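One structure is given here, and the rest of the page talks about it.
We did not get these values from a lab; they are worked out from the coordinates using the rules stated. Computed from a predicted structure; not experimentally measured. As a convention, Cβ positions derive from the backbone with ideal geometry for all residues, glycine included, and neighbour counts pool all protein chains shown.
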């Protein structure tokens with residue numbers, strides 16, 4: 001599906017609540033289920049990675065296809081794919097992850 005949503009609190013949410021939120025947003029129940037399945041799959045990929053992640057593959061915001069030489073405008077708001085596990089994160093998560101790696105190396 002390619003739709004990425006933060007999954008930090010998903011495991012704590014009641015599935016009925018998630019369906020209700022999807023309904024309020026105008027998302028059909030089948031689509032909500034597909035989004036949740038994508039979130040769970042992405043989390044599994046990220047958690048099973050050999051680490052550290054290598055979020056070096058920039059994905060286009062719309063098509064979710066890799067960009068060979070992304071411009072700064074394309075990088076803004078893009079998603080990034082780990083070259084090791086295939087898990088995806090948004091730009092902000094990538095920035096914080098990489099900053100954490102930098103800090104751990106200098107400690």
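Summary of values
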| quantity | calculated |
| --- | --- |
| Label-point separation, residue 62 to residue 102 (7 Å along Cα→Cβ), nm | 3.2 nm |
| CD proxy at 222 nm, helix term only [per DSSP H run n ≥ 4: -39500 (n - 2.57); per residue of the chain; nearest 500] | -14500 deg cm²/dmol |
| Radius, Kirkwood style, for the chain when every pair of distinct Cα atoms is counted (Å) | 15.1 Å |
| Relative intensity, log₁₀ I(q)/I(0), of segment 55-106 from a Debye sum that treats every alpha carbon as a point, q = 0.12, 0.20 Å⁻¹ | -0.26, -0.66 |
